[in-house]
Amino acid sequence: MSFSVKHLPLSSRHSLIIILVTALSLLAFTFNDSVSDFLVYHRDLIAQGQLWRLLTGHFFHTNGYHLLLNLAALFMLWALHGNFYLPIRYILLFLCSALVCSFGLYFFSPSITQYVGLSGVLHGVFIWGALMDIKNKEKTGYLLFVGVCLKIAHEQFYGASNDVSNLIEANVAIDAHLWGAIGGLSFFLLTCIPLFNLKNNKAAIK
């Protein structure tokens, strides 16, 4: 797989959605003090019906380092798999990863009362992109898929790096990575592996 500029997915249909996510994250960071109390993931307030936090909280970050790490990962994944990033597809992937991540935290990780950051969603995007590579017969997809699965498993057994926690001035929500990845996997299964092959079914009926 080549990473030269000429092979980057620079067309607007592949890159505008990444620019949008970046812009929303920068806006959230810029106006953090004014709007974060109303928009970040907060378990108790979600329980009171403020469901928009399940989505909006992902655009906020603990500090500038956290934001830069996530934006760097966002663009790295775009460089790897941006040729698959059609606007509607990416929006649905983002929503699926974000909501599965948030609901996973809410129902299965009650100790996490607050969460911010794109990392959960990005793990979903990573899983989906690796599987799309595999689907399109790119051998590197297998390496990427195994690599991200091993990373998630390592975090679940041994926790996250202390260096990263110190850098972002917060505990790394490793469960968000797990649930975000499950969201990306779910989106791939729902959209790329249909339960019924209509063409074969029609042939069988004839």
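The values are calculated or read from the model by the stated rules, or taken from the named source; none is laboratory data. From a predicted model like this one, the values you see are computed outputs, not experimental measurements. Positions of Cβ are generated from backbone atoms using ideal geometry, with glycine treated the same way; all protein chains shown enter the neighbour counts.
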Members of segment 28-50 that are farther than 16 Å from F94 by Cβ, without any contact (Cβ under 8 Å) to a residue 60 or more places away in the chain and aliphatic (A, V, I, L, M)
V35, L39, L45, A47
Go through segment 62-88 and give me each residue that's farther than 17 Å from L24 by Cβ and touching a Ser or Thr at 6+ places or on another chain (Cβ under 8 Å).
G82
Residue pairs, Cβ under 8 Å, 6 or more apart or interchain, first in segment 153-169 and among the acidic types (D, E) and surrounded by 11 or more Cβ atoms within 10 Å (Cβ to Cβ), second modelled with pLDDT of 85 or more and outside any helix (DSSP H, G or I). List them.
E155/V172
Looking at the structure I just gave you, is L131 crowded, with 20+ Cβ neighbours inside 10 Å and assigned to a helix (DSSP H, G or I)?
yes
Inspect all residues belonging to segment 191-199 and state whether any of them is surrounded by fewer than 21 Cβ atoms within 10 Å (Cβ to Cβ), under 24 Å from F94 (Cα atoms), at pLDDT below 95 and not hydrophobic (A, V, I, L, M, F, W, C).
yes
If you go through segment 117-128, how many residues are part of a loop (DSSP other than H, G, I, E, B) and among the polar types (S, T, N, Q)?
0
Of all residues in segment 69-116 being β-branched (V, I, T) and in a loop (DSSP other than H, G, I, E, B), the one that is surrounded by the fewest Cβ atoms within 10 Å (Cβ to Cβ)
T113
Restricting attention to segment 27-58, report how many residues are in a helix (DSSP H, G or I) and surrounded by 14 or more Cβ atoms within 10 Å (Cβ to Cβ).
15
